[in-house]
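Only one structure is covered here, and it is reproduced in the block below.
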Amino acid sequence: MYKLILLLLLSCSAFAAGNNQNKVEYLGELKYLKVDKILSANKSLLKVQVELSNTSIDNQQLYYRFKWYDSDGFTVWNDEPWKTLLIYGKQRSTLSAVAPTKKATDYKIELQSPENRNNDKSNASPLTGN
Amino acid sequence: MKLTKISTLLLSILFVAGCATTGNSPVVRGGENISYGDANAVETVTLDFGSTDLQSIAESMTRSLLQSDVIAKSKDRPLIRVDSIKNKTSEYIDTASITDSIRTQLTKSGSVRFAGNEQSAIDELNKQNQSGLYKKKKSNKIGAMEAPDYVLEGAISSIVKKSGSVKDVYYKFTLNLSGVGSNVLEWSDEKEIRKTKK
């Protein structure tokens, strides 16, 4: 019986982790970078951890930022600056973030990697300079 | 004759206005191609200390400090005084701008309070209490200032290397929070940034 409950709980948590994929907003479909797992916990401040993997043998540059929302769905913080992450070929990498305020109870992650998009027609990128 | 002059003037005004605006969008353009960009974009114009470095340092330090036991487990919002950030790099960096960003973000988080400008507060208090210009009942009293619990100070240093056309810059920003009464370093963190030009 206990095993059955444990199995049910495990399947529920796995489902929750899989469901977190709707927290990711892709700015163009990523070709080589995959989001494997998203964990979140709200103890005082909301914490989020995103596990990514690079399926290519080449290094990939990722641009990302988090958006923070309150329980009513309103944004509780200004737009964050875009951040960069270099993921080496075949590397698994982790992004982690903490909400800037206790008001934040929900989040979204924006991801973009200009060099490995499938839809190469657009040149939109959160990059200023060369 | 007068009517012709007025209509010519009106036409020339309309012509100039027509040049300055573009179509039906609320934009006034000159001859040069100037546009507003995203202030949060990753800036890689040069290797020098830039907006992205400032933003990432401020954000990283703020989030780390908010998670520290000193802040997270404090029952009341601690009062912090911001000291200077030493610039140990060879380039000019407005370190006050970094502390301003950190202070703004921490204040907005609602978890801490910051001591204001001490000298301007003293000047204002002296003016209110000693000039005889203000109503005594409504004047702020001397001796009611709150003493800060912690002091925030730090440093930024860099290592620059160049070989041929390759130039590499490594920045290290360190921030420390010490208790004023105890002089104990309660929290410390650092942010590293590497930029390379090939």
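Using a Gaussian network model of chain B whose springs link C-alpha atoms within less than 10 Å, name the residue from B:A155, B:A58, B:A147 with the highest mean-square fluctuation. Among B:A155, B:A58, B:A147, the largest mean-square fluctuation in the Gaussian network model of chain B belongs to B:A147. With contributions of -39500 (n - 2.57) from each DSSP H run of at least four residues, the per-residue ellipticity at 222 nm computed over chain B stands at -11000 deg cm²/dmol.
Suppose every Lys and Arg Cβ carries +1 and every Asp and Glu Cβ carries -1, with no other charges. What dipole size does chain B come out with about its Cα centre, to the nearest 20 debye? Spell out each step's value before the answer.
Working: 28 positive and 23 negative charges, 137 e Å.
Charge dipole, chain B, about its Cα centre: 660 debye, nearest 20.
Label-to-label distance, B:D48 versus B:K73, with points set 7 angstrom from Cα along the beta-carbon direction: 4.5 nm. Annotation: the residues A:T84, B:T95, sorted from fewest to most other C-beta atoms within 10 Å of their own C-beta, follow the order A:T84, B:T95.
Helix B:95-109 and the long axis of chain B differ in direction by around 80°, with both axes built from C-alpha atoms.
Which is the longest run of chain B containing none of the GluC sites (Glu not before Pro) found in DSSP loop states (not H, G, I, E, B) with at most 13 other C-beta atoms within 10 Å? Spell out each step's value before the answer.
Details: sites that count: B:E32, B:E91, B:E146.
Within chain B, the longest run free of exposed GluC sites (Glu not before Pro) spans B:33-90.
Compared with the dominant principal axis of the Cα atoms in chain B, helix B:2-20 is inclined by about 40°. Averaged over the residues of B:39-47, the number of partner chain Cβ atoms lying within 10 Å of the residue Cβ comes to 5. The convex hull built on the alpha-carbon positions of the range B:37-80 has an orientation-averaged projected area of 4.4 nm². With everything on Cα atoms, drop me the angle between helix B:118-130 and the longest principal axis of chain B, reported from 0 to 90° to the nearest 10. The two axes meet at around 90 degrees.
Shielding by partners for peptide B:55-68, expressed as the average number of C-beta atoms from other protein chains within 10 Å of each residue's C-beta, is 3. Over the range B:46-176, Cα pairs under 8 Å with separation of 6+ residues give a relative contact order of 29 percent. Counts of other chain beta carbons within 10 angstrom of each beta carbon in peptide A:77-86 average 5.
Laboratory data are not the source of any read-out in this text; all were calculated from the coordinates shown. Computed from a predicted structure; not experimentally measured. Cβ: placed from backbone, ideal geometry, glycine included. Neighbour counts: every protein chain shown.
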